[in-house]
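Chemist: The structure under discussion is supplied below as structure tokens; questions concerning it will follow.
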Amino acid sequence: MPPRPPAADPEMLAIAALSFLAEEPERLARFLDLTGLSPATLRQAASDPRFLASVLDYLAADESLLLAFAANAQVAPESVVAAATRPPRE
């Protein structure tokens, strides 16, 4: 059995995911619409580990978005899903 790659840090993945979402106005607008956040509240929320966990949940719930992010971040989609299932650090 091949060795498993090290687990990705959930917070770092979530921050990368936010950057990925912000790269395209349509992606960011959809995320803001679904979460009810504004750009200002998004900046505040980005420091909350629970919010960062929810960003990964958002990606994991949309396969095409998950695959696009994983390719962009050069990580396996499974790593993103696994990170989304880890409890956020307090």
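Chemist: Can you find a residue in segment 10-22 that is among the β-branched types (Val, Ile, Thr), touching a residue at least 24 places away in the same chain (Cβ under 8 Å), part of a helix (DSSP H, G or I) and surrounded by 11 or more Cβ atoms within 10 Å (Cβ to Cβ)?
Modeler: Yes, the conditions are met somewhere in segment 10-22.
Chemist: So which of LEU67, LEU59 ends up being surrounded by fewer than 18 Cβ atoms within 10 Å (Cβ to Cβ) and modelled with pLDDT of 95 or more?
Modeler: LEU67
Chemist: Give me a count of the residues in segment 14-33 that are over 19 Å from PRO77 (Cβ atoms) and not acidic (Asp, Glu).
Modeler: 6
Yes or no, residue by residue, for (1) in contact (Cβ under 8 Å) with a residue 24 or more places away in the chain; (2) among the hydroxyl-bearing types (Ser, Thr, Tyr):
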residue: LEU28; (1), (2): no, no
residue: ARG43; (1), (2): no, no
residue: PRO49; (1), (2): yes, no
residue: VAL55; (1), (2): yes, no
residue: LEU59; (1), (2): yes, no
residue: LEU67; (1), (2): no, no
residue: ALA70; (1), (2): no, no
residue: THR85; (1), (2): no, yes
residue: ARG89; (1), (2): yes, no
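Chemist: When you look at SER79, is it of a type outside the set (D, E, K, R), loosely packed, with under 13 Cβ neighbours inside 10 Å, closer than 21 Å to ARG89 by Cβ and modelled with pLDDT under 95, yes or no?
Modeler: No: the conditions fail for SER79.
Chemist: If you don't mind, another one. What is the one condition in (1) surrounded by 15 or more Cβ atoms within 10 Å (Cβ to Cβ); (2) basic (Lys, Arg); (3) at pLDDT below 95 that ARG30 does not satisfy?
Modeler: With respect to (1) surrounded by 15 or more Cβ atoms within 10 Å (Cβ to Cβ); (2) basic (Lys, Arg); (3) at pLDDT below 95, ARG30 is out only on (3).
Chemist: If SER38 meets every condition in (1) surrounded by 13 or more Cβ atoms within 10 Å (Cβ to Cβ); (2) touching a Leu at 6+ places or on another chain (Cβ under 8 Å) apart from one, which number is that one?
Modeler: That leaves (1) as the condition not met.
Chemist: What are the residues in segment 37-78 that are more than 11 Å from the chain's Cα centre (by Cα), of a type in the set (Gly, Ala, Ser) and in a helix (DSSP H, G or I), if any?
Modeler: Within segment 37-78, ALA40, ALA45, SER64, ALA68, ALA71 meet the criteria.
The values are calculated or read from the model by the stated rules, or taken from the named source; none is laboratory data. Not measured: the values here are computed from a predicted model. Cβ sites come from the backbone with ideal geometry, for glycine too, and all protein chains shown count toward neighbours.
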